[in-house]
Amino acid sequence: MKRAFPIIPIILLALLAQGCSKDEEKQVDTRTHSLRPADNTTGEALFNERCRECHKVNEKGGVLGPDLSKIGSKRSPAYLEQVIREPSKLFPGSAMPPYDNLSVQQVNSLVDYLTALK
């Protein structure tokens, strides 16, 4: 018996279409947040690696989190450190993961970078 449409190509097309759904584009890959970069990484490099997917600075970055372009003129370094380490304490239910795996030097570098954004 000869089929008009081969079944295997149809299944492959369905699987490919499913992998390209728009819902998947909106999901944040939190696996990158468990990586620990070198301690000598600059605050801007840490931001680009860890934060830019969700936060925007100077018209570049994501839109899930607030725009941080002028955060240094609005928030203290202590506040920024707490948001980085324990975001759910300040914002219960926040989608932002805690960055408790960053070293003190890394957090200080990130806070210095954010504080300079004015």
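Here, each number is a calculation from the coordinates, and none is a lab measurement. The structure presented is a predicted model; accordingly, all values stated were derived computationally and were not measured.
Length gained on full extension, ASP100 to LYS70: 8.4 nm, using 0.36 nm per residue less the C-alpha separation.
Over every Cα atom in region 38-118, the radius of gyration and the widest Cα-Cα span, Dmax, amount to 11.6, 32 Å. Computed on region 38-118, with alpha-carbon pairs under 8 angstrom and 6+ residues apart, the relative contact order is 40 percent. Using the Karplus relation 6.51 cos²θ - 1.76 cosθ + 1.60 with θ = phi - 60°, the per-residue 3J(HN,Hα) values for region 89-95 come to 6, 8, 10, x, x, 4, 7 Hz, with x marking Gly and Pro.
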